[in-house]
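Structure first, commentary second.
Bear in mind that the values in this text are calculations on the coordinates, not laboratory data. This is a predicted model, so every value here is computed, not measured. Every residue, glycine among them, receives a Cβ derived from its backbone with ideal geometry; neighbour counts consider all protein chains shown.
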Amino acid sequence: MIEQKNLVLRVSRSLLELNPLIPPTTSKMAGLMNISGRTFQRKLTELGLSYRELVNKIRHEKAIALIESSDTPLSTVAYELGFGDLSSFSRAFKSWTGMSPRQYRNTQASGV
């Protein structure tokens, strides 16, 4: 179990370091982890995760960090996270947090 959690940490670090506009495919990420694609998928499945869920989790965490720590325009945040447009980012963000990025930023700014 420790080995699998270590895998998730290694994948998370790699995703944060790599270009978010083009997250690596499952097989490329498996190669970066020095395991086969099937083993990579199996280990994530044993943890109840998919590679797509892990990529979205990292995007979510990075979105929160960018929105909370800067006045960067939301369209720039969307682009930095690999979304094609602000609308796609807003839909994803709302599914993660229950509010739009603008609402989230305003809530954080008001200290609520």
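Here are the numbers:
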read-out	value
Packing-based order for 92-105, 26-39, using average beta carbon neighbours within 10 Å, highest first	92-105, 26-39
Dipole magnitude of region 2-110 about its Cα centre (Cβ charges: Lys, Arg +1; Asp, Glu -1), debye to nearest 20	320
The chain: Lys pairs at Cα distance under 22 angstrom, eight or more positions apart or on different chains	10
Which of Phe89, Leu74, Val55, positive extreme of dipole for the chain (C-beta unit charges)	Val55
All-pairs alpha carbon distance profile, the chain, 5 Å steps from 0, percent	2, 11, 21, 21, 15, 13, 10, 5, 1, 0
Val8 paired with Ser75, simple spin-label distance in nm, labels 7 Å along Cα-to-beta-carbon	3.7
Neighbour net charge for Ser100 - beta-carbon separation under 12 angstrom, K R +1, D E -1	+4
Label-point separation in nm, Ser36 to Leu18, each point 7 Å along Cα→Cβ	2.0
Over the chain: helical MRE at 222 nm, DSSP H runs n ≥ 4 each giving -39500 (n - 2.57), nearest 500	-22000 deg cm²/dmol
C-alpha center-to-center spacing [region 63-109, region 20-43] in angstrom	27
Inter-probe distance in nm under a simple model that places probes 7 Å from Cα toward Cβ, at Ser87 and Lys28	2.7
Cα long-axis angle, helix 37-46 against the chain (0 to 90 degrees, to the nearest 10)	70
